[in-house]
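J.: Here it is: the structure, laid out below.
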Amino acid sequence: MNDRILVVEDEANIAETIKIAIENESYSCDWTATGEAALDHLEKVSPNLIVLDVGLPDMSGFELLKLIRQQHNTPVIFLTARGEEIDRVVGLEIGADDYITKPFSPRELMARIKAVLRRTNNSPETKSDSNSKKFEVNDQQAKISFQQQALDLTLAEYKLLSGMLSQPNRVFTRTQLLEIIWDANHPSEERTIDTHIKSLRAKLKEIDAGSDQINTHRGIGYSIST
Ligand code: CA
């Protein structure tokens, strides 16, 4: 069966554009214009993904996501207004999987939707079957190789990279990355995330100068492509 996507957006023209883009890719699409209607809908239908506008008439998208998260783990992509970095950070920290800034192209949105569905539909086995893997993580030995070459990583870099690789393309905020590398003996600040990322990038470039696996999301955090 095709993946089913719920769009929660009060502006009919935006919702219509999204619905057309989703249906063009052979997914099913439902649309609700309010948070209440979305909650009613979720009682009856379990979508594979929700596209959720932050600015809804009856409640904010954040409030709605908190209510949804009490019962469902459905992946969520937030639609946020331009310039509202804080919205993106808050959205990701309360459990959204990704965000996209208005105005966006349908093509950009579909790329995000597909990336999130790929990540959430894939079982661990199908992921490790892939032959074209750039990264290999060895949990037992706490080692990661990139393009078949072992990386020489500090413990924090290892935790950071393996954490991000567990969810490729997911945008992690600095706070979330700090939780990943948390070490009670060596507490660090959000700034240190940037330092670790810089060092990781340099190590990846030593192996492949043209590589660009780590993406910066300005004012928000980082994601990794595999
Ligand atoms: Ca709105």
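Nothing in this text is a laboratory measurement; each read-out follows from the coordinates by a stated rule. Given the structure is predicted, the values throughout are model-derived calculations rather than measurements. Cβ sites come from the backbone with ideal geometry, for glycine too, and all protein chains shown count toward neighbours.
J.: Would you kindly state how much longer the chain becomes between Asp208 and Asn138 on full extension, computed as 0.36 nm times their sequence separation minus their alpha carbon distance, in nm to one decimal?
T.: Result: 23.2 nm gained on full extension.
J.: For the range 12-82 and the range 131-172, what is the centre-to-centre distance using only Cα atoms, to the nearest Å?
T.: 33
J.: If you don't mind, there's one more thing I want to ask. Calculate the FRET efficiency for Leu155 and Ser26 from the Cβ-Cβ distance with a Förster distance of 45 Å, rounded to the nearest 0.05.
T.: With R0 = 45 Å, the Cβ-Cβ based efficiency is 0.50.
J.: Across 10 Å bins from 0, what is the distribution of all Cα-Cα pair distances for the range 126-211, in whole percents?
T.: 15, 50, 30, 4
J.: Follow-up question, since we're still on this one. Please give, to one decimal in nm, the separation of the simple spin-label points placed at Ala184 and Glu85, each 7 Å out from Cα toward the Cβ.
T.: About 3.3 nm separates the two model spin labels.
J.: Moving on. Out of Glu43, Glu179, Glu16, any idea which swings most in a Gaussian network model of the chain, alpha carbons joined below 10 Å?
T.: Per the Cα network of the chain with a 10 Å cutoff, Glu43 tops the list.
J.: If you don't mind, there's one more thing I want to ask. How long is the gain from Val45 to Arg107 if the chain were fully straight, where each residue apart is worth 0.36 nm and the alpha carbon distance is subtracted?
T.: Additional length available on full extension: 19.7 nm.
J.: In nm², what is the average projected area of the convex hull enclosing the Cα atoms of the chain?
T.: Result: 13.6 nm².
J.: Something else: Applying 1/(1 + (r/R0)^6) with R0 = 30 Å to the Cβ-Cβ distance of Arg69 and Ser199, what FRET efficiency is obtained, to the nearest 0.05?
T.: 0.30
J.: So, one more: Of all alpha-carbon pairs in the range 1-121, indicate the percentage at a distance above 22 angstrom.
T.: So the pairs more than 22 Å apart make up 23 percent of the total in the range 1-121.
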